[in-house]
Amino acid sequence: RSDDDNDTSLLTATKPKTKRPPLYKVLLLNDDFTPMEFVVHVLERFFGLNHAQAFEIMLTVHKKGLAVVGVFSHEIAETKVAQVMDFARRHQHPLQCTMEKEE
Ligand code: TYC
């Protein structure tokens, strides 16, 4: 019909949403008591880092107070944090690991 020429609904169509799930940074925090070798071991064991990478991140945390260890989906980040916190607790070290939504 000639009426369709004036149909404004076509002009108000919205962009299809292709939203990706947010990513989460896993952070390791410094403290005065957890041994450096323990932190290096944690980074190798739970984050698949080689010894040199693990040592470098441990030193960054030691000097700067914290560092991002990796970026993961919400579920994987939660699992990493729980694994680190449980392992530290079992060894009676005060090591803290947290996660934070990436901007
Ligand atoms: N600051 C600790 C020490 O001097 C080492 C350390 C590094 C602790 C990193 C925690 O996330 C940490 N023994």
- [ ] Kindly indicate whether any position in the stretch 46-57 is out of contact with any Gly (no Cβ under 7 Å at 6 or more places or on another chain), more than 16 Å from the ligand (Cβ to nearest atom) and polar (S, T, N, Q).
- [x] yes
TODO: Return a yes/no flag: does the stretch 19-34 have any residue that is modelled with pLDDT under 95 and over 17 Å from the mean Cα position of the chain (by Cα).
DONE: yes
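The values are calculated or read from the model by the stated rules, or taken from the named source; none is laboratory data. Just so we're clear, the structure is a prediction, and the values are computed from it rather than from any experiment. Glycine gets a Cβ as well: all are built from the backbone with ideal geometry, and neighbour counts include every protein chain shown.
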